[in-house]
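The values are calculated or read from the model by the stated rules, or taken from the named source; none is laboratory data. Remember, predicted model here, so these are calculated numbers, not experimental data. A quick note on method: Cβ atoms are made from the backbone with ideal geometry, for glycine too, and the neighbour counts reach across all protein chains shown.
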Amino acid sequence: MADVEKLNVEELEGVAGGAAGTTNGAIRTVANLTGGYLAIRTAPEAKYENEINHTGLHNGDQVQIVGPYVQGTGFGGGPATYVKVFAPKYGITGYVNAYYLK
């Protein structure tokens, strides 16, 4: 599998609806997971309590962007970038860690 490049701040602002426009409605694919799953969350925080249905997405699953990219907290309390998506696989909307989308 090809490596996934992380977006820089300017690219994130563009995708989030800044000067370069918006990507609402864009389809992205889950990639770069080495184990486990990409949790769909009620808030942009890596907490078990905010996982929707405690299930998630796997490499190759697709999501549709429905909201802006936002800064949140990752595992260990460090910063992470999240985006609000609709996951057709489960028919739910929530936040996912944008690092794992291409």
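Considering the range 55-96 alone, what residues qualify as being crowded, with 17+ Cβ neighbours inside 10 Å and among the aliphatic types (A, V, I, L, M)?
L57, V63, I65, A80, V83, V85, A87, V96
Step by step: first the residues of the range 53-65, then only those that are under 21 Å from A31 (Cβ atoms) and at pLDDT below 95, then the one that is nearest to the chain's Cα centre (by Cα). Which residue is that? Quick ask: steps written out before the conclusion?
At the first step, the residues of the range 53-65 found to be under 21 Å from A31 (Cβ atoms) are 55-65.
Filter once more, keeping what is at pLDDT below 95: 55-56.
Values: T55: 14, G56: 11 Å.
Once the filter is applied, the top-ranked residue is G56.
Can you pull out every residue in the range 20-66 that is closer than 16 Å to Y100 by Cα, among the β-branched types (V, I, T) and touching a strand residue (DSSP E or B) at 6+ places or on another chain (Cβ under 7 Å)?
If the condition is that a residue be closer than 16 Å to Y100 by Cα, among the β-branched types (V, I, T) and touching a strand residue (DSSP E or B) at 6+ places or on another chain (Cβ under 7 Å), then I27, T29, V30, I40, V63, I65 are the ones that fit.
Conditions: (1) outside any strand (DSSP E or B); (2) without any contact (Cβ under 8 Å) to a residue 40 or more places away in the chain; (3) under 19 Å from V30 (Cβ atoms). G72 meets all but one. Number of the miss?
Answer for G72: the failing condition is (1).
Take the conditions closer than 15 Å to V83 by Cβ and at pLDDT below 90 and apply them to V15. Does it pass?
Working: closer than 15 Å to V83 by Cβ: yes; at pLDDT below 90: yes.
Here the answer is yes, as V15 does meet what is asked.
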